[in-house]
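These notes concern the structure reproduced below.
The values are calculated or read from the model by the stated rules, or taken from the named source; none is laboratory data. Just so it is clear, the model here is predicted, and its values are computed rather than measured. So basically every Cβ, Gly included, is an ideal-geometry build from the backbone, and we count neighbours across all protein chains shown. Heavy atoms of the whole protein, side chains included, go into the accessibility calculation; ligands, DNA and RNA do not. Shrake-Rupley method; radii C 1.70, N 1.55, O 1.52, S 1.80 Å.
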Amino acid sequence: YTLRLTVTDQAGLSSESRLKLILDNQQAGAELMAPSQDQYVKDQIAIIGTANDQNFKSYRLELGVGHNPASWKVLTQSSTIRQAEGLYNWDTTGLEGQYSLKLIVEDFTNDQVVVQRQITVDNTPPQAQITVPEAEAIVSGNLQIVGTASDDYFDSYLLQQAEGANPA
C-alpha cells in the first residue's frame, strides 16, 4: 500500500509526501503438534510445531513448572520459519511432574500469537512387588496373592501365571 498526504495552503501552494507500507491484519501461525495436550512424556521428547507468518519475525519456546507457571524458562528461540517440524529436543532426564510449554510467534507488527500446552513428565517406573506368597514357597489350594502395584500416574496392572520362570 501507499499513503499519500497532500497539504495545500490558502495561497494555493501544496506539497506531497508518500509512504509505502505493508498492511498485515493476519495472525501469525502458531501450533504445537507434539507433545499433545496432557500427554505423558519421558526421556527425550521432540517438540514439533509450526511458527510462520507472511511477515514472520521470530518464535520462542518456553517451559514452566505446573499448569499455571509463575515463571518461564526459554528453551529456544529463532527467526527461522518452521512448518510442522522440530522446534526443540527436550531432555526430561531428572524431571518429574506437571509442566507447561508455551510457543510465542511474533510478526514484524509486533503482534504475538501464544499457544500453551500442559504435559506430565514421568521418568519414574511404577513399583511392582509380590509379598505373599514368599519366593520359592510351596503352595496348594486356593491361593491368596498379596502385593503392590503403584505409581504416581498409575494406569493398570496385570498378574499372570505359567509354568517356568517366564509367563507368556
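Overview of values
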quantity: Conditions (1) open to solvent by less than 80 Å² (accessible area, probe 1.4 Å); (2) free of Cβ contacts under 8 Å to residues at least 40 places away in the same chain; (3) polar (S, T, N, Q); (4) part of a strand (DSSP E or B): number failed by Q129; calculated: (1)
quantity: Residue identified as under 37 Å from the mean Cα position of the chain (by Cα) and open to solvent by 80 Å² or more (accessible area, probe 1.4 Å) among L103, L95, L143, L158; calculated: L158
quantity: Test: residue in segment 31-38 that is modelled with pLDDT under 95, assigned to a loop (DSSP other than H, G, I, E, B) and not polar (S, T, N, Q); calculated: no
quantity: Pairs, first on the phi < 0 side of the Ramachandran plot and touching a residue at least 60 places away in the same chain (Cβ under 8 Å) in segment 142-168, second in a loop (DSSP other than H, G, I, E, B) and open to solvent by less than 60 Å² (accessible area, probe 1.4 Å), C-beta under 6 Å, six or more apart; calculated: Y153/D122
quantity: Condition broken by S78, with the remaining ones in (1) at positive phi; (2) among the small types (G, A, S); (3) modelled with pLDDT of 95 or more satisfied; calculated: (1)
quantity: Residues within segment 93-117 that are in contact with a Lys or Arg (Cβ under 6 Å, 6 or more places away or on another chain) and either under 13 Å from S58 (Cβ atoms) or assigned to a loop (DSSP other than H, G, I, E, B) (or both), tallied; calculated: 4
quantity: Residue among D111, D155, D53 that is in contact with a Gly (Cβ under 8 Å, 6 or more places away or on another chain), of a type in the set (D, E, K, R) and at pLDDT below 95; calculated: D53
quantity: Candidates T92, T80, T76, T109 - the one that is out of contact with any Phe, Trp or Tyr (no Cβ under 9 Å at 6 or more places or on another chain) and of a type outside the set (G, A, S); calculated: T109
quantity: Residue tally, condition open to solvent by 90 Å² or more (accessible area, probe 1.4 Å) and not in a loop (DSSP other than H, G, I, E, B), over segment 9-30; calculated: 4
quantity: Answer residue from segment 18-61, given it is without any contact (Cβ under 8 Å) to a residue 24 or more places away in the chain and among the charged types (D, E, K, R) and is nearest to D152 (Cα to Cα) among those; calculated: K20
quantity: Positions within segment 41-55 being in a strand (DSSP E or B) and surrounded by 12 or more Cβ atoms within 10 Å (Cβ to Cβ), in sequence order; calculated: V41, I45, A46, I47, I48, G49, T50, A51, N52
quantity: Qualifying residue in segment 84-101 (condition: farther than 19 Å from Y40 by Cα and touching an Asp or Glu at 6+ places or on another chain (Cβ under 9 Å)); calculated: yes
